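The values are calculated or read from the model by the stated rules, or taken from the named source; none is laboratory data. Because the structure is predicted, anything quoted here is derived from the model rather than measured. Neighbour counts are summed over all protein chains in view; Cβ atoms, including those assigned to glycine, are modelled from backbone coordinates with ideal geometry. Each accessible area value is taken on the protein alone, full model and side chains, heavy atoms only, with ligands, DNA and RNA left out. Shrake-Rupley method; radii C 1.70, N 1.55, O 1.52, S 1.80 Å.
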Amino acid sequence: MGEEKVEVKITIPKSLYDKIKEEADNAGFTDIEEFIRFVLEQLVESGETGEELSPEDEEKVKERLRALGYID
Amino acid sequence: MIPRPHGGRLVNRVLTGKRREALLREAGELPSIEISYERLIDLMDIAYGAFSPLEGFMVQEDYLHVLYDMRLSNDLPWTIPVTLDVDPEEISSVKEGDDLALKYNGEIVAVMRIEEIYGWDKKEYARQVYKTTDKNHPGVAKTYHRKELLVGGEIDLLREPSHPLENRILWPIETRVLFREKKWRTIVAFQTRNVPHRGHEYVQKAALTFTDGLLIHPLIGWKKPGDYRDEVIFAAYEALIKYYYPKDVVVLAGLLMNMNYAGPREAIHHAIVRKNFGATHFIVGRDHAGVGDYYGPYEAWEIFDEFPDLGITPLFIREAFYCKKCGGMVNEKICPHSEEYRVKISGTKIRSMIREGKIPPEYMMRPEVARVILSFKDPFVH
Ligand SMILES: [Zn+2]
């Protein structure tokens, strides 16, 4: 499960860093790197469902939901 | 937004069609072991993605990380090891890298690629996961009865035995499609193993005030004598939903999953699993998944502080009671009155009234719900 990692060095304004640090503290993160990773992940992955579902499979799922009375 | 599954991708290891047929034929030639009903349930939870990102039973590295750090080796939160235990004799003919057929009641249900065979320390497991080595704890007792070695590796589900309540069970891909169909953006999940009383209803409605939908998610699995039978729980909830919830805000679906009584660790586990089902919020009860007095009343809440990266929001809603002064269901946080005005809703009291065939008072349980429970000849497990 251990995915390969790359090191990225970025330069950001001190004021932004301070804000990020404050946000990280508020959100309960002890490690600022972990917080930045978390935020980036959320940003990049939003809009994707993470499900591998072909239209045919989706129709099958809906059929079962219909049969069980969950959808009309 | 419906959250992405834990780890980013919904696992699907249920084989279908030609691949399934081919593997079933091959599996007949493989060495095999018989697995217990509880491991079969784990197997299905893995295959259907309820345990995403797990693709199989844990290898030692993940096992140890989960045991000591409450995270997988890739740092993702995970608090309860998911392992397959075997006797050394059972697997004397196989080695790492081999395929192994898993049978339930003599029938092949899955194939596992053996990645690792390793030993484990049950007492240490109990100490870490259950915070006690006392064998009177039901989870600890189960642990001590398990076999001596663990086998880790990915699995493929080939066949599943039918379940009497299979039409009550939904899997993560199904609830996810369902929530999208309903256009819910926020969904709060409620874990239960009980029939609903007014306290449960209050907690659910307090949460539902702020979310688009409510997923009532009873755990289906092994029960102990004295528990309500699964079909009674479903019927009772159906009555509650019919008479006391608006149309189209509730989904009632069964979750086939083992109960460990691991208290705080299990509260995190329950939350992760609900995220995989597409919930954005999860109600964590006081002494959630606890048993006896092994855990402090708020331990299951405090542990969430250690997991800011869980990806599902816990809702800590205090136990509800009836207050004569307030004139309704309230909780500690919103009622200023003293004990003399407060009437606690006790599941134990309700249970004994049901046993005697009596309808509990309305402030404890909705009469429609009580009548449905009493309509069963025997609502309890023996
Ligand atoms: Zn009051």
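Taking the criterion of being part of a loop (DSSP other than H, G, I, E, B) and either at pLDDT 95 or above or not assigned by TED's automatic domain parsing to the domain that holds B:Lys275 (or both), the residues of region B:185-209 that qualify are B:Arg185, B:Thr186, B:Val195, B:Pro196, B:His197, B:Thr209. Considering only residues in region B:161-181 that are in contact with a Phe, Trp or Tyr (Cβ under 9 Å, 6 or more places away or on another chain) and of a type outside the set (A, V, I, L, M, F, W, C), the one that is farthest from B:Thr280 (Cα to Cα) turns out to be B:Pro161. Counting only residues that are free of Cβ contacts under 8 Å to residues at least 60 places away in the same chain, away from the ligand (no atom under 13 Å from the Cβ) and open to solvent by less than 70 Å² (accessible area, probe 1.4 Å), region B:314-327 holds 1 of them. Might you let me know whether region B:25-41 holds any residue that is more than 13 Å from B:Val109 (Cα to Cα) and touching a residue at least 60 places away in the same chain (Cβ under 8 Å)? Yes, region B:25-41 contains a residue that is more than 13 Å from B:Val109 (Cα to Cα) and touching a residue at least 60 places away in the same chain (Cβ under 8 Å).
Against the conditions (1) crowded, with 21+ Cβ neighbours inside 10 Å; (2) within 12 Å of chain A (Cβ to nearest Cβ); (3) under 20 Å from the mean Cα position of the chain (by Cα), B:Ile46 satisfies every one except (2). Of the residues making up region B:328-381, those that are within 16 Å of B:Val203 (Cβ to Cβ), of a type in the set (D, E, K, R) and open to solvent by 50 Å² or more (accessible area, probe 1.4 Å) are B:Glu332, B:Lys333, B:Lys344. Exactly one of (1) touching a helix residue (DSSP H, G or I) at 6+ places or on another chain (Cβ under 6 Å); (2) surrounded by fewer than 21 Cβ atoms within 10 Å (Cβ to Cβ) is unmet by B:Ser36. Its number? Of (1) touching a helix residue (DSSP H, G or I) at 6+ places or on another chain (Cβ under 6 Å); (2) surrounded by fewer than 21 Cβ atoms within 10 Å (Cβ to Cβ), only one is false for B:Ser36: (1). Cβ separations smaller than 8 Å between residues 6+ apart or across chains give the following pairs from region B:338-354 residues that are assigned by TED's automatic domain parsing to the domain that holds B:Pro196 and in a helix (DSSP H, G or I) to residues that are open to solvent by 60 Å² or more (accessible area, probe 1.4 Å) and within 16 Å of the ligand (Cβ to nearest atom): B:Tyr341/B:Lys324; B:Tyr341/B:Lys325.
The number of residues in region B:335-369 that are within 14 Å of the ligand (Cβ to nearest atom) and under 28 Å from the mean Cα position of the chain (by Cα) comes to 1.
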